[in-house]
Amino acid sequence: MSDTKTSPQPADAADPDSPDVERLSTAPEEGEIPTGSIGVTGWLRWVWRQLTSMRVALLLLFLLSLAAIPGSLVPQEGPDTMKLVAWKEAHKGITPLFEKLQVFHVYSSSWFSAIYILLFISLAGCIVPRTWQFVGVLRSQPPAAPRNLTRMPVYAAWHSGADPETVHAAAHALLKKRGFRAHANGRSVAAEKGYLREVGNLLFHFSLFALLIGVAWAGVASGSASKLVLEGQGYSNTTTQIDDFYGSQFYGVNDLDKFGFKLDGFTARYQETGPQTGTARQFTANVRYWTGDDATKLTKSTIEVNHPLEIGGSKVYLIGHGYAPVVTVKNAKGDIVFRGPTPFLPRDANMTSPGVIKVNDYGTDANGNKTQLAFQGFFLPTAPENFNVTGPRSMFPGAADPMLVLTAYAGDLRTDSGLPQNVYQLDDKAMTQLKVDGDIAKARLKVGQAWELPDNYGTISFDGYQQWATFTISHHPGNSVALVGAVAAILGLIGSLFVQRRRIWVRATTGADGRTLVEVAGLGRSESARTAEELAELAVELQNDAPATDEEPAPAGPADDTADDDAPTAADSPAAAAPTAPETKE
């Protein structure tokens, strides 16, 4: 991926051993380690050539892939903060080392950025000179025919009665018709084809460069937020309504797109029979959304898994679903102290959902002491018939026979302490679990049933359930650039692998016997039967204007002035009087 040396070959200096004839690519040449005293400038030039070489670029790509592995294995700092906290709690011994090595934010770490920037520079240092070199190749004429065409990998020759000018003109026309860049200099015709191979190489490099730009752009100007929305409720893309937010250097809470949506309903359908019973078949969130500040102009839409809703520069993804039991809690006086749905989070495929219902405004107990209540348990969409066998586990993810299994606590929820709490977990350090005759008080409630709490704490009734859905609002401006770059890189790679760069020369010279010796030769970048086939087809078509002859040689005459000094004659040419088939030389 460094500077290249290929240049057009002068017609009078063409030689089969010349690198300009043999080399059919603008691919860079690898430099050797300098010896002797070359000075600081020389060493800097050598380092630059090494950095922009193909070998170092591949090494950097390999290192980048290795560096990305920790980011896939270890939770990263982002929207899923609880997962990261749980991982650190489970691996307290290695957490300090990982924090020093920046393992918890791999993609923004200094060492990952260093590899990324070096690869970026390596590609830039390759693309510019290589593109300029290829433009020079396109503007130049194909290299003239070597002196000894018999040394080419594919060769054919025959004698003809046509004059050299006629042969050259016919060959030039046939090669142009076949899509070759052809040039006739009066002594031979040189043609070249397969430039899409180098175009594919350059397209691959440009695409990889664009891919890196897209990924870098997404890394510094992206953000994502998450939100749990109950059926019938809405969401506005503002700071106050976001559950979790993860921004970047150039994207913060002040850059959020202005829009919102209402979750009108959620449709979940599962396989009901067969070996795949319980497998999800449909998850669809039916929403109405608005853009800007006017929440009255609503547009209906649906959000499904892998089919996000795109609004402005953001995409709304459906990532989760669950149930929220609706309960009513009354105190000992019969006053309603809590009513509404509480989301429970599923923990298995059958939607067994543990959760906590917190009653912060219960008031006072029977003794006049200020207290709070909490209910911890499970919501089972399809409850089992016998808990002794299965325990509190749902048998099916659909709400075929919903049940709410609860235990009760009384005391201080510590929500007024100022310390952050997880709304889905219970802090029971200042709570007392209610009991009956020394045993933990439990209740199994179906829709419409109520539980009279012990110690005269009132009642709780199970009124029904609502469904909820979790959404991720993602803003990644560089994704489209990265996607286009990846697709273009594949196309470029296909072109570089399946298109063959090749050259064909045709030379007609008048020998001492008066006949014209027609020579055709081909050279491909790699061994391929296509070059021999193409040369054979050209030789056959050329017979129309330069037919082979088996006549006796004409009296010797002066050689054609246009012939090369070292051009082979009929006497010393290995070609017979009759046309020979193209020969592929090993």
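The values are calculated or read from the model by the stated rules, or taken from the named source; none is laboratory data. Just so it is clear, the model here is predicted, and its values are computed rather than measured. In this analysis, Cβ positions are derived from the backbone assuming ideal geometry, glycine residues included, and neighbour counts consider all displayed protein chains. Surface areas here come from the heavy atoms of the whole protein model, side chains and all, with no ligands, DNA or RNA. Shrake-Rupley method; radii C 1.70, N 1.55, O 1.52, S 1.80 Å.
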Return the loop-located trypsin sites (Lys or Arg not before Pro) in the range 302-340 (DSSP other than H, G, I, E, B) with at most 16 other Cβ atoms within 10 Å of their own Cβ; answer none if there are none.
Lys333
Through the Karplus equation 6.51 cos²θ - 1.76 cosθ + 1.60, θ set to phi - 60°, convert the phi angles of the range 490-502 into ³J(HN,Hα) values in whole Hz; use x for Gly and Pro.
5, 5, x, 5, 4, x, 6, 8, 9, 9, 9, 6, 8
To test your reading of the geometry: what angle, between 0 and 90 degrees and rounded to tens, separates the Cα axis of helix 54-67 from the longest principal axis of the chain?
10 degrees
Residue-normalised accessible area of the chain, expressed per residue, 1.4 Å probe, Å²
52 Å²
So what's the back-of-envelope 222 nm ellipticity for the chain, counting only DSSP H runs of four-plus at -39500 (n - 2.57) apiece and dividing by all residues, rounded to 500?
-8500 deg cm²/dmol
For Lys330, go through the lysines and keep the ones whose alpha-carbon is under 16 Å away, minus same-chain ones fewer than eight residues off.
Lys358, Lys370
Taking a ≥ b ≥ c as the square roots of the Cα gyration tensor eigenvalues, with a/c under 1.5 meaning rounded and otherwise prolate when a/b beats b/c or oblate if not, the range 275-351 comes out oblate
Given the peptides 399-407, 66-74, arrange them by the average over their residues of other C-beta atoms within 10 Å, most packed first.
399-407, 66-74
For a quick check of understanding: with a 1.4 angstrom probe and all protein chains in place, what accessible area in square angstrom does Thr41 have, to the nearest ten?
90 Å²
In degrees between 0 and 90, to the nearest 10, how far off the longest principal axis of the chain does helix 164-177 point, with axes built from Cα atoms?
10 degrees
Under a straight-distance cross-link criterion of Cα-Cα below 19 Å, which lysines are reachable from Lys262, leaving out those fewer than 8 residues away in the same chain?
Lys227, Lys297, Lys300, Lys315
Over what distance in Å are the Cα centres of the range 271-294 and the range 330-366 separated?
26 Å
Considering Cα pairs under 8 angstrom that are at least six residues apart, work out the relative contact order of the chain and quote it in whole percent.
20 percent
Along the charge dipole of the range 90-227, which of Pro142, Ala225, Gly161 sits closest to the positive end, that is, farthest toward it, with unit charges on the beta carbon of Lys, Arg, Asp and Glu (+1, +1, -1, -1)?
Gly161
Where does helix 195-220 land angle-wise versus the long Cα axis of the chain, in degrees 0 to 90, nearest 10?
20 degrees
So if the hydrodynamic radius of the range 364-511 is defined as the Kirkwood radius over C-alpha pairs, what does Stokes-Einstein give as its diffusion coefficient at 10 °C and 1.306 mPa s, in µm² per second?
73 µm²/s
Of Ile121, Ile490, ordered by accessible area with the largest first and a 1.4 Å probe, the sequence is Ile490, Ile121
What part of the accessible area of the chain, given as a whole %, is carbon or sulfur when the probe is 1.4 angstrom?
55 percent
Spherically averaged projected area of the chain from its Cα convex hull (nm²)
43.3 nm²
